[in-house]
Structures are given as C-alpha cells and as structure tokens.
Amino acid sequence: MSAEAAVASVVAPPAGTPPPAPASTPSLASTSPPVAPPAGDPAKPEATVTEPPKDPPKVPEPPAPFAMDKVKLPEGMKADDASLKGFGEILANDKLSPLERGQALLDLYADVTKKGGEAATEAWNTVNKEWSDKTLADPEIGGAKWDQSKTTIAKAIDSLGPNLAAEVRQALDVTGAGNHPAIVKALHSFAKQLTEGTHIQGNPPSSTPTIKEAFYPNSPDMK
C-alpha cells in the first residue's frame, strides 16, 4: 500500500458513517461590527445644587388699635362732639365685622345728617323771626305805622304785573329778605315814592298783619 493510500484510509471515515453536516453560515447580525458611541464627551450626571435655607416668612404685626386722640380733626370740629365720639367707638370696636362696621358708620352718618338739617332749619327760623320782630318794631315803618307801610309795599309790588309780582314775593319769602328790616324799609321807601299823592284803597286790617301778609295779600292762607 502506498503512503497516500494509507493516509486516505486513516482520514476517511469508517464505512457506514454518514457524511458530516455542512458548517452553518454565520448570520449578518453575528458578524455586524459593534455600534460606536456618539462622538463627544460621555454624558455626565447633573450636579445637584443645594440652595441655602430660607428664612421663615415674617408674620405681619397687627395694626395699632384706633385711637381718637391720634386723628387730626377738621377745623371747627371739637373732640367732645357726640357724633365724633360715636365715630371713634365704632372704629375702636374690634369685635365688629367689616359689614357691621360699615353699617354702623352709615347709620351714624344718616343720624348726623338729619340732626344737622334740623339744626340748620331751626337756626334759619330763629334768624327770620328776629328780623321780623325788628321790622314790626321799627319806628319808621312798624308799630302803628305798619298797616300803612305794608299796604304801600304791596301796591308797589302789584304794579309790576302779576307774573313779576309773584316772582318777587317768592324771592322775598324763600331768601327771608322779606323779613329783613333793611330790605322792608328800602321797599317801603321806593313804594312810597311811586304811590305818593294817590289814594290807596282797602280796609285796614282788624289786627296788625305780619310781613308775609303785607307781601302776599292774595295768598290762599291769607284769606
């Protein structure tokens, strides 16, 4: 046996042995090169910033209680005024809710306004009465002369015509000028110049008329 035949007999598989299976072909996935990481520096974890501790929030101090002696009063107002005292008591009462305090202030305002109006009316009536008393007691036009004086004035006013005469009388009444001694004497002086030398008709009144009766002889409440 030659040397080649001997090697072939050693390498060749024994009789009856199936031929070897062909080697499997490697897949593309197993042969793909590894994916390289993106260029640049590798990602770094974010640094944790530690904030300094904060001061606790400050609680606002409660406002100082209301004190009437700290308030600057308007000119002419006195600290012992009754309405001002009530105003101070309402603001100093910390048990009132905002609604209750507002209602109390409105009630106080309404009361003060009402009393102020009543006081002004009373004062105006007092002044007019003083003027009227002085006019009726005036030595030139008042007293025993008042009957003639009021008739002279009324006739002069009537000579202006019904419309203007009515407006003049209304103005004298609304303003109180019809009670003022100086105004009545001035009207009497002008009226006397207009009516001098003429006969004034009319019956003298049974009693001393008021100034209103002199200026408003045709008024319904004068009849």
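Read-outs throughout are calculated quantities, based only on the coordinates presented, and are distinct from any laboratory measurement. Note that the structure is a prediction, hence the values are computed from the model and not measured. Please note: Cβ atoms are built from the backbone with ideal geometry, for glycine as well, and neighbour counts cover all protein chains shown.
How far apart, in nanometres, would the label points at SER189 and GLU130 be if each is projected 7 angstrom from Cα along the Cα-to-Cβ direction?
The modelled label-to-label distance comes out at 2.3 nm.
What are the ³J(HN,Hα) values, in whole Hz, obtained from phi via the Karplus relation 6.51 cos²θ - 1.76 cosθ + 1.60 with θ = phi - 60°, for each residue of the stretch 148-159 in sequence order, with x given for Gly and Pro?
5, 5, 5, 5, 5, 5, 4, 5, 5, 5, 5, 5
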